[in-house]
1. Evaluate the relative contact order of the chain (contact order divided by residue number), counting alpha-carbon pairs under 8 angstrom at least 6 apart; express in whole percent.
2. Add -39500 (n - 2.57) for each DSSP H run of 4 or more in the chain, then divide by its residues: what number comes out at 222 nm, to the nearest 500 deg cm²/dmol?
3. Remind me, relative contact order of segment 113-161 in percent, using alpha carbon pairs under 8 angstrom and six or more residues apart?
4. What accessible area, in Å² to the nearest ten, does a 1.4 Å probe give for residue 113?
5. Return one number: the angle in degrees, 0 to 90 and rounded to the nearest 10, between the long axis of the Cα atoms of helix 2-13 and the longest principal axis of the Cα atoms of the chain.
6. Which value, in Å² rounded to 10, gives the accessible area of residue 210 with a 1.4 Å probe and all protein chains present?
7. Angle, helix 85-95 long axis vs. longest principal axis of the chain, Cα atoms, 0 to 90°, nearest 10?
8. Which pairs break 27 Å Cα to Cα here: 98/142; 98/216; 142/216; 7/82?
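The values are calculated or read from the model by the stated rules, or taken from the named source; none is laboratory data. Please read all numbers here as calculations on a predicted model, not as lab measurements. Positions of Cβ are generated from backbone atoms using ideal geometry, with glycine treated the same way; all protein chains shown enter the neighbour counts. Calculation scope for accessible area: heavy atoms of the full protein, side chains included, ligands and nucleic acids excluded. Shrake-Rupley method; radii C 1.70, N 1.55, O 1.52, S 1.80 Å.
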Amino acid sequence: MHSDIEKLKEMIASSGRIAFLGGAGVSTESGIPDFRSKDGHYTAIRAFGETPEVLLSHSFFMRRTETFFNYYRSSLLVTDVKPNRAHRALAKLEASGKLTAVITQNVDGLHQKAGSKKVYELHGSIYRNRCMDCGAFFGPEKIAAIGGIPYCGCGGIVKPEVVLYEEGLDEETLRAAVTHIMRADMLIVGGTSLAVYPAAGLIEYYRGSKLVLINKGTTPYDSRADLAIHESIGDVLSAAVEGL
């Protein structure tokens, strides 16, 4: 891996506008499960007798709201975790002036906890929950403390601002992500199999010549990458930004 790290360091050193696109694998080293592994979210969802595409859909949320929140509290509403080396390395890279944006598919808020400022959350965040009627804001602690369906004082149901199946991505967030990727002279993609669309399709907007993929498993884009590293993203990024 040493030669790959040295090449990655050289690519970072020669870049002035780096964008990072990340998925669930960025947070697994913090103890947050990914989706498709044996102990991942999809296994937990099947314990509820549903498929991920059903339980995590907008129509299921509206039709069987209490069951949705039983799963949401048990698996997704995780706030007692800390950023790992990958999160901290990206925050350091941003502080150096080279990284212009973190674009993440994760909803755990760990990039912000690590100190990153420019974070675009494609799939929303567990830290934002709003009443569907009046728009009142609720933090994750209140959702965790309320049993059953969380209701606002106005009587409306409180919905997490996470993007469910059948819902579109936030257009403003998506536009900003596309803009940063198009303007980047280096794109680092990490912790994602690049199998989930439309997020995976964002890589198509990159026009530069320094595409780096960091993922433990192979991806459909490995052959197009200028550098593909199949190692721990925490190991790779922390070593790559050492000395910045």
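1. Working: 428 pairs, mean separation 60.7, N = 244.
Here the relative contact order equals 25 percent.
2. On the way: 10 runs with 78 residues, N = 244.
One gets -8500 deg cm²/dmol as the mean residue ellipticity at 222 nm.
3. Details: 56 pairs, mean separation 19.4, N = 49.
In percent, rounded to a whole number, it is 40.
4. Only protein atoms counted, so the area is about 90 Å².
5. Once rounded, the angle reads 90 degrees.
6. Here the accessible area works out near 30 Å².
7. Around 70 degrees separate the two axes.
8. On the way: 98/142 37 Å; 98/216 25 Å; 142/216 36 Å; 7/82 29 Å.
The pairs that break the limit, which is 27 Å between Cα atoms, are 98/142; 142/216; 7/82.
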